[in-house]
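Laboratory data are not the source of any read-out in this text; all were calculated from the coordinates shown. Quick caveat: nothing in here was measured; it's all calculated off a predicted structure. Here Cβ is always computed from backbone atoms with ideal geometry, including for glycine, and neighbour counts include all displayed protein chains.
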Ligand SMILES: Nc1ncnc2c1ncn2[C@@H]1O[C@H](COP(=O)(O)OP(=O)(O)O)[C@@H](O)[C@H]1O
Ligand SMILES: [Mg+2]
């Protein structure tokens, strides 16, 4: 398989707070990687560095072998999409226009093409009937599905998810996770920060455990969940899976 | 000659109604043009002032942005920190003495009120922008939108809605404060009143009428603008009047 993302020696600090302390990570095209780890371990910051919402302080991130700092922001962001914990829909726009705006402004697609594509992805996430609704009229799970459709409309090669179900009521978690599962079947490369261990175990090709700004363990989900090698992974899993 | 207060009022109205009317129209015109242009200036200034550069940005960009920021801060400070009456004098006489341009008084009025209002609007708009949660900006960045695209499609439409009460308040302030433009002989309602009062030396009666005219203008427009705001924010909210002097202090409460 060909490598799509290569993170080398990544460092990031906020003032004195060393948040990412040397991360190397290579991700292949089509891979679904779940990132787990205690809160504050730098998972969000890692994702945010990958699409330059945060500027790394050291190391490099290569996308198809090219340093992301050298890629024009608009094309980088179109190719590496992001889904946020808090959905972050554009509150002034309907579900449909949330999906249309980026296509027209950034990809310079025609209105007709943008709408067609938006409808296609809204249908895929089961939100087509709500296309004219404003975000304020949608439930959390529905908002997140629109947010996923919005990201997909940009034809990303990689989609980053930062705890996509953490802000949801329990009964809405599954509707979002099942949408993400269908994307895996479509062959999209995804990096998913999650606390849903069952999902990580079943859906991921690979699980990365992070602690204190480092990748502590990285491997096959079944192996990592059933026989974690590192004591810190063991402790984390024991704590999390007990609940 | 009339002998009573009401006699004088009737007499002056009859004789000078056209003067009062043309003055009121000019006052309104100045307030409308000044507020609209000032709002546009405020939007542009706020858009520039909220640009953030990536750390990798070139020296030239960095320097250009710093220079623009410095210039805009100076503009805001100076125009908020000096009275409009003085700004009017400086612009009007400065243009004629040093640039050799005789600006028509009304044009000077539009210019001064617009630029003055722009300085206040810039801060109001900036507040509006800051009131929109950062998540939406990040989401807009994450789909690849530029600063300008983020502002025009996502942030400003929401920010403007939030600051509408303050913008309306600036309009009402401009109706009243355009009176200072009489120093450069702009024929707004205050200037016209002075002319009317001078002939018969009936300052009290004339300015009583002037006060009523100003009040009718401000009262009518505050009601109209409030109606407009209600329409825009829908029936899902109601308003608590947080201050007796400033509509900016209105607190909007969303119904559950
Ligand atoms: N913008 C920021 N400014 C300052 N500190 C931050 C910022 N973002 C994150 N941090 C800090 O970085 C650390 C890691 O945060 P984060 O990447 O969000 O962890 P996680 O997603 O694993 O919970 C935390 O200590 C957090 O306080
Ligand atoms: Mg996080």
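Only Cα pairs under 8 Å and 6+ residues apart enter the sum, and on that basis the relative contact order of the range A:167-243 stands at 18 percent.
Taking the C-alpha atoms only, the angle from helix B:59-81 to the longest principal axis of chain B is near 30 degrees. Taking each DSSP H run with n ≥ 4 as -39500 (n - 2.57) and averaging over every residue of chain B yields -25500 deg cm²/dmol at 222 nm. For the pair residue B:90 and residue A:116, label points projected 7 Å from Cα toward Cβ lie 5.9 nm apart. Using R0 = 41 Å, the C-beta based FRET efficiency linking residue A:39 and residue B:77 works out to 0.40. Per residue, the average separation of C-alpha pairs within less than 8 Å and at least 6 apart gives the range B:5-255 a relative contact order of 28 percent. Considering only B:126, B:223, B:80, the mean-square fluctuation computed in a Gaussian network model of chain B, springs between alpha carbons under 10 angstrom, is largest for B:223.
Relative to the longest principal axis of the Cα atoms of chain B, helix B:189-200 runs at roughly 10 degrees.
Taking 7 Å steps out from each Cα toward its Cβ at residue B:231 and residue A:235 produces label points 6.4 nm apart. Just check the range B:5-255 against the gyration tensor rule for me: Cα atoms, a ≥ b ≥ c as the square roots of the eigenvalues, rounded for a/c under 1.5, and otherwise prolate or oblate depending on whether a/b exceeds b/c. Since a/c reaches 1.5 but b/c is at least a/b, the shape of the range B:5-255 is classed as oblate.
Peptide A:69-77 shows a mean partner chain C-beta count of 3 within 10 Å per residue C-beta. Restricting the calculation to Cα atoms, the protein assembly as shown yields a radius of gyration followed by a Dmax of 30.2, 108 Å. When chain A is modelled as a GNM with alpha-carbon springs shorter than 10 Å, which of A:171, A:54, A:116 fluctuates the most? Result for chain A, Cα springs under 10 Å: A:171 fluctuates most. When chain A is modelled as a GNM with alpha-carbon springs shorter than 10 Å, which of A:154, A:119, A:55 fluctuates the most? Comparing A:154, A:119, A:55 in the GNM, the peak value goes to A:55. Can you work out the FRET efficiency for the pair residue A:171 and residue A:66, with r the C-beta to C-beta distance and R0 = 45 Å, to the nearest 0.05? Computed FRET efficiency for residue A:171 and residue A:66: 0.60.
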